[in-house]
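Take a look at the structure set out below.
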Amino acid sequence: MNKKVVVIGGGIAGMESSAHLAALGYEVTLLEKTDKLGGHLLNWEKLFPTMRMGKEVVTFLNEGVEKGKVNVIYNAEILNTKEIMNGFSITLNNNIVLESDAILVTTGYDLFDASKKEEYGFGIYDNVITSAELEEKFMKGEKITTSDGKIPKRIGFVHCVGSRDEKVGNTYCSKVCCVTAVKQSIEIKEHLPETDVYCFYMDLRMYGMHFEALYRESQEKWGVNFVRGRLSEACENMDGSILVKVEDTLAGKPMKMSVDLLVLMVGFEPSLGTKKVGKILNLQFGVNRFFKTQDQHTLTNVSNVKGIFFAGSCTGPKTITNTITDARAAASTIANYLSGHDIHNRIMTSDIKATV
Amino acid sequence: MIFDPFVLPFTIGLLILFFIVFYKFGGWIRKFSSEDKSNLKKALFSKNLFVACKEIFYESLLHRKIFRVNPKLGYMHMSLAFGWFLLIVVGNIETRIHSGREINGPFYPIFFKFFEHNRSTIPFSNFFVFLMDLLLLFVMTGVVLAIFKRFYSKFFGMKSTTKLKIGDKFALYSLWFIFPLRYLAESLSSAVYNTGGFFTGTTGDILGSFLPAADIYYYFWWAYSLALGVFFVSLPFSRYMHIPTEVVLIFIRNAGVVASKQYNTLSEIEVNACPRCGICIDKCQLNTSLDNKKIQPAYFLRDVRFNQVKEEIATDCMLCGRCEEYCPVGIKLNNIRVAKRKDFAVDYIDNYKYLPPDEVAKADVIYFAGCMTHLTPSIKHSMTKILDTAKVSYWFMDEDGSVCCGRPLMMNGKDKMAAELIENNKRKILASGAKIFVTSCPICLKVFGEEYNLGIRVMHHSQYLLQLVKENKLKLNLTDNNIVYHDPCELGRGAGIYEEPRELIKRFNNLVSNEFEKENALCCGGSLGNTKMSHDQRNIIAKDVVLQLTSDNPDILATACPLCKKSFTYKSSVKVMDIAEIVANSISQTEPEKIISRKEALMNA
Ligand code: SF4
Ligand code: SF4
Ligand code: SF4
């Protein structure tokens, strides 16, 4: 009989790992809490750095799930799990009980709730929106306007909202928002060539392949302005435009600027599902509240519980490319485990552990 | 005169003690200002003296305040202090009746059972024997508890007990020995002369049955006297200096001497009056949430006393006032902390030329949001909405950004810098002709109320909003929200405003009570008073507080301070709202006339 794997979370990581696990010959069940597969990817129109359509990637992922005959359960919620002989028994809502030899957790991230950073005025001023809301406008083909329907003359992007911020308790970098801001500012310029775009950043993290090129293009071809400095606060002018206060750390002086629309580049936080599933399965969380992998370099898909593995951004912020690679890595780690290797203790037996 | 050499350690110790204590007191009294001195003189011959005596009886002997906070600890302190006091008083009466003399050697009543074996001449002798035994038993229970506490402080519900300095060790261990030795000495004497009562007599009989009591009892009297002597000599160098100091402190306070912002003689007396009971350690969230047991007043005051204050200890405190609230000696702890910070602060007259020129508007009411409120704009928006609705003639003084009220600088010992800002703001406030000054920030509230001398009413928005509601200027809708209210440190313990925010909430919502409210409120962790803590530490504190406050799953966690709101928002799954937002949200929509917002009005003008 085939061994069984249950994958929790039908986003990019869950879909791609399911496809690979199925290809390896396992009987795969993919649990998704909503009624659609695709996760956050469904909300993004064009993807950095190539500007290809998000839809295309969704199609690719769906194909894998279908070809592998993955058993997808929608609207699934895990109530509890039990360890049984060499595996797990998982009880879902609707009283479905699944048995599995291994579990892969791909519960992903939530976007930072920008209203918690109240000084930036999201939820208070009409012309402060998040990067996700801007993307939604692109997605729906809506015009980019201010709240009262005017064409914005100047738009500001605020980097690191809810990331790299000790005050909100998230000290990590979310990795994708810098390049997303670059991507979105280019798109703004495509739609509204007359509009000035300003990005307020602390550092620009253009580490990925082609990111730097996109950043250069945004300046050279599109004339996007980059101001180094962290926003201290935003307030509303009489006419509804937004006054931002920022210290320009390159020029070394505080500055104020009015923008017609302010876009907050919200970062990653461990998703609610990550928190819930982690509690049910007794998984360890790391300092940043994402799941803790057994080793930073070598056991990146391995959890603290025998037979449970991770993939995707439930262990920390990742790009789509990284998530897909990670999903495949998780599939092969599980194959390794199910063929009898004691992967959880592999590092224990080598010399490496002694020095860690 | 009746005498034996063994009384010498006691007698000499007592003389040394008196000498040092009076020398210290003399020094303090001399340092008082002439005004304070004349107050003290007056108090000596007025009814203040009686008030002071009553308080001394309640606090120094009965330890009523400790009782309230921690009954077991209170009993321990009371049995030692009051029990010992009664032993001395009753002992004196007994010996006086016996000897018929007015004056006896100071050691005579203390060692009475050694000197007098024939009780038949004493009137009521059985009664006295019984009473003295009972009192000794009473004190002994205190000693047993004290020893127990050293090794097992959890029994008292306390997570911590203080660490000892060398002077403390001498005093503490000799104190532990005094009463057990007295007990043994009296019991053994009783075995020989049958002088004991139900306690010492019975013990004496038992001891006498297997010990050569007649040969050894004398040495126990020596040991007893030695223990007393050591205790007396080490007392002024130990925390037990608090015993005489607290008496003087109560008297001085009752004479009307008040604490000032500087570290002065009164502060020094307060510092010496701390018994290091450790209550402050238990109440401090840096201890309970962060396991920091270095900075609390029990330690800080000790460092002050021995001139060993370190900057990181002085500054690592939120000035939340929880310790001060529960300190049984009533020491003005925040005052001393801030005063000591001045030793480390770089305070100079800054060049404030960059401050914006005075632009003043005439109005009845000034609304001052404060810099923190600018970081929580929904509060200031709620306030303008409310003020517009109630048709108040007001000037939003810091609409385009604040000039700081000066308080954060003062909390960090920079009075001169603060004074400049205060001047700047004061000029504008007075020029506006307003009669009421309203602020959303409790930190601002205190400084405008206490340092500016404006001569107009300074109110927190919770007070002012309640007034508007009472005057029927605001119509609010009822909700069925369950709201738990968090008392901000500066508004509650700082300014004593507990009821107005509650009344405001209660009128339109369900107010849920919580263990940690009013005087017992916790600090949100955001305090500007602490410049040492990391954001991580602040977040840990905030999380603990949120867990406590939302234990009954309220719909809303309300507060009345922008800083508290910020601290909680990051850590709470329950919605966090300022009281102004709650009021603004429930403004009745059926209001007949359309509200023209100030924004529109200005745009139309
Ligand atoms: S990717 Fe850029 S914007 Fe995002 S958290 Fe990192 S530095 Fe900030
Ligand atoms: S400061 Fe007050 S509470 Fe703290 S140890 Fe001293 S007397 Fe006790
Ligand atoms: S004021 Fe607050 S933080 Fe400071 S020592 Fe007292 S209880 Fe602790």
Hey, B:Leu137 under 24 Å from B:Phe10 (Cβ atoms) and either assigned by TED's automatic domain parsing to the domain that holds B:Arg68 or among the basic types (Lys, Arg) (or both) or not: yes
Selection count, the range A:267-286, where residues are touching a strand residue (DSSP E or B) at 6+ places or on another chain (Cβ under 7 Å), in a helix (DSSP H, G or I) and open to solvent by 30 Å² or more (accessible area, probe 1.4 Å): 2
Residue in the range B:307-318 that is open to solvent by less than 30 Å² (accessible area, probe 1.4 Å), more than 14 Å from chain A (Cβ to nearest Cβ) and in contact with a strand residue (DSSP E or B) (Cβ under 8 Å, 6 or more places away or on another chain) present: no
In the range B:18-63, the residues that are free of Cβ contacts under 8 Å to residues at least 40 places away in the same chain and either part of a loop (DSSP other than H, G, I, E, B) or touching a Ser or Thr at 6+ places or on another chain (Cβ under 7 Å) (or both): B:Ser33, B:Phe45, B:Ser46, B:Lys47
Which numbered condition B:Ser153 misses (of (1) of a type in the set (S, T, N, Q); (2) free of Cβ contacts under 8 Å to residues at least 60 places away in the same chain; (3) open to solvent by 10 Å² or more (accessible area, probe 1.4 Å)): (2)
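Is there a residue being away from ligand 1 (no atom under 16 Å from the Cβ) and within 14 Å of chain A (Cβ to nearest Cβ) anywhere in the range B:331-354?
Applying the first criterion (away from ligand 1 (no atom under 16 Å from the Cβ)) to the range B:331-354 yields B:331-354.
From what is left, the residues that are within 14 Å of chain A (Cβ to nearest Cβ) are B:354.
Yes: the range B:331-354 contains one or more residues that are away from ligand 1 (no atom under 16 Å from the Cβ) and within 14 Å of chain A (Cβ to nearest Cβ).
How many residues are within 14 Å of chain B (Cβ to nearest Cβ) and away from ligand 1 (no atom under 12 Å from the Cβ) if we restrict to the range A:169-186?
Filtering the range A:169-186 for residues within 14 Å of chain B (Cβ to nearest Cβ) gives A:169-172.
Next, only the ones that are away from ligand 1 (no atom under 12 Å from the Cβ) stay: A:169.
Total meeting the criteria: 1.
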Test result for B:Leu421, open to solvent by 20 Å² or more (accessible area, probe 1.4 Å) and at negative phi: no
Of all residues in the range B:506-521 being hydrophobic (A, V, I, L, M, F, W, C) and more than 19 Å from B:Cys489 (Cβ to Cβ), the one that is most open to solvent (accessible area, probe 1.4 Å): B:Leu511
Matching residues, the range A:76-107, being open to solvent by less than 30 Å² (accessible area, probe 1.4 Å) and among the hydrophobic types (A, V, I, L, M, F, W, C): A:Ala76, A:Ile78, A:Phe88, A:Ile90, A:Leu92, A:Leu98, A:Ala102, A:Ile103, A:Leu104, A:Val105
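Do the conditions hold for B:Ala213, that is, is it touching a residue at least 40 places away in the same chain (Cβ under 8 Å), buried (at least 18 other Cβ atoms within 10 Å of the Cβ) and either assigned by TED's automatic domain parsing to the domain that holds B:Leu134 or not charged (D, E, K, R) (or both)?
Numbers: touching a residue at least 40 places away in the same chain (Cβ under 8 Å): no; buried (at least 18 other Cβ atoms within 10 Å of the Cβ): yes; either assigned by TED's automatic domain parsing to the domain that holds B:Leu134 or not charged (D, E, K, R) (or both): yes.
It is false that B:Ala213 is touching a residue at least 40 places away in the same chain (Cβ under 8 Å), buried (at least 18 other Cβ atoms within 10 Å of the Cβ) and either assigned by TED's automatic domain parsing to the domain that holds B:Leu134 or not charged (D, E, K, R) (or both).
Please specify each residue of the range B:522-558 satisfying the condition of being within 25 Å of B:Gln463 (Cα to Cα), touching a strand residue (DSSP E or B) at 6+ places or on another chain (Cβ under 8 Å) and open to solvent by 30 Å² or more (accessible area, probe 1.4 Å).
To start, the set of residues in the range B:522-558 that are within 25 Å of B:Gln463 (Cα to Cα) comprises B:522-529, B:545-546, B:549-550, B:554-558.
If we keep only those that are touching a strand residue (DSSP E or B) at 6+ places or on another chain (Cβ under 8 Å) too, we end up with B:524, B:546, B:549-550, B:554-558.
Residue satisfying the conditions is B:Asp555 alone.
Counting residues that are within 30 Å of B:Met577 (Cβ to Cβ) and out of contact with any Cys (no Cβ under 9 Å at 6 or more places or on another chain), which strands (runs of 3 or more DSSP E) fully inside the range A:25-127 reach at least 2? Before you say what the answer is, go through the steps one by one.
Working: elements: A:27-31, A:71-73, A:78-84, A:87-92, A:97-100, A:102-105, A:109-111.
In the range A:25-127, A:109-111 are the strands (runs of 3 or more DSSP E) which contain 2 or more residues that are within 30 Å of B:Met577 (Cβ to Cβ) and out of contact with any Cys (no Cβ under 9 Å at 6 or more places or on another chain).
In the range B:364-394, how many are among the hydroxyl-bearing types (Ser, Thr, Tyr) and closer than 13 Å to A:Cys235 by Cα? Outline the logic, then answer.
Initial filter on the range B:364-394 (among the hydroxyl-bearing types (Ser, Thr, Tyr)): B:367, B:373, B:376, B:378, B:382, B:384, B:389, B:393-394.
Pick out the ones that are also closer than 13 Å to A:Cys235 by Cα and you get B:373, B:376, B:378.
The total comes to 3.
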Matching helices (runs of 4 or more DSSP H) fully within the range B:88-181 where at least 3 residues are within 16 Å of ligand 2 (Cβ to nearest atom): B:125-151
Helices (runs of 4 or more DSSP H) within the range B:238-292 that include 1 or more residues away from ligand 2 (no atom under 13 Å from the Cβ), of a type in the set (A, V, I, L, M) and at pLDDT below 95: B:242-254, B:265-272
Given (1) part of a helix (DSSP H, G or I); (2) at pLDDT 95 or above, number of the condition B:Cys317 does not satisfy: (1)
Selection count, the range B:374-420, where residues are within 14 Å of chain A (Cβ to nearest Cβ) and in a helix (DSSP H, G or I): 10
Close pairs (7 angstrom Cβ cut-off, 6 or more residues apart or separate chains): within 14 Å of another protein chain (Cβ to nearest Cβ) in the range A:95-117, of a type in the set (Phe, Trp, Tyr) and not in a loop (DSSP other than H, G, I, E, B) anywhere: A:Ala114/A:Tyr120; A:Ala114/A:Phe122; A:Ser115/A:Phe122
Residue match in the range B:252-267 (condition: within 16 Å of ligand 3 (Cβ to nearest atom), touching a residue at least 24 places away in the same chain (Cβ under 8 Å) and surrounded by 23 or more Cβ atoms within 10 Å (Cβ to Cβ)): no
Residues of the range A:287-314 satisfying the condition of being polar (S, T, N, Q) and surrounded by fewer than 24 Cβ atoms within 10 Å (Cβ to Cβ): A:Asn288, A:Thr293, A:Gln294, A:Gln296, A:Thr298, A:Thr300, A:Asn304
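When you go through B:Leu491, B:Leu445, B:Leu465, B:Leu474 one by one, which is the residue that is more than 30 Å from B:Asn334 (Cα to Cα) and open to solvent by less than 60 Å² (accessible area, probe 1.4 Å)? Step through it out loud before you land on a result.
Details: B:Leu491 fails: more than 30 Å from B:Asn334 (Cα to Cα); B:Leu445 fails: more than 30 Å from B:Asn334 (Cα to Cα); B:Leu465 fails: more than 30 Å from B:Asn334 (Cα to Cα).
Selected residue: B:Leu474, the only one of B:Leu491, B:Leu445, B:Leu465, B:Leu474 that is more than 30 Å from B:Asn334 (Cα to Cα) and open to solvent by less than 60 Å² (accessible area, probe 1.4 Å).
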Positions within the range B:64-94 being touching a residue at least 12 places away in the same chain (Cβ under 8 Å), buried (at least 17 other Cβ atoms within 10 Å of the Cβ) and more than 22 Å from B:Leu131 (Cα to Cα), in sequence order: B:Lys65, B:Ile66, B:Val69, B:Asn70, B:Leu73
Tally, over the range B:326-377, of residues that are farther than 18 Å from B:Ser260 by Cα, of a type outside the set (Ser, Thr, Tyr) and within 16 Å of ligand 2 (Cβ to nearest atom): 2
Failed criterion for A:Asn345 (all others in (1) among the polar types (S, T, N, Q); (2) farther than 24 Å from A:Cys173 by Cβ; (3) at pLDDT 95 or above hold): (3)
Whichever residue in the range B:528-569 is within 25 Å of the chain's Cα centre (by Cα) and more than 14 Å from chain A (Cβ to nearest Cβ) and, among such residues, is farthest from B:Lys506 (Cα to Cα): B:Lys532
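If you scan the range B:356-373, which residues turn out to be within 14 Å of chain A (Cβ to nearest Cβ) and either assigned to a loop (DSSP other than H, G, I, E, B) or crowded, with 23+ Cβ neighbours inside 10 Å (or both)? Write out each step before concluding.
Of the range B:356-373, the ones within 14 Å of chain A (Cβ to nearest Cβ) are B:356, B:369-373.
Across the range B:356-373, the qualifying residues are B:Pro356, B:Ala369, B:Gly370, B:Met372, B:Thr373.
The values are calculated or read from the model by the stated rules, or taken from the named source; none is laboratory data. These numbers come from a predicted model, not from an experiment. Cβ atoms come from the backbone with ideal geometry, glycine included; neighbour counts cover every protein chain shown. What goes into the accessible areas is simple: the full protein's heavy atoms, side chains included, and nothing from ligands, DNA or RNA. Shrake-Rupley method; radii C 1.70, N 1.55, O 1.52, S 1.80 Å.
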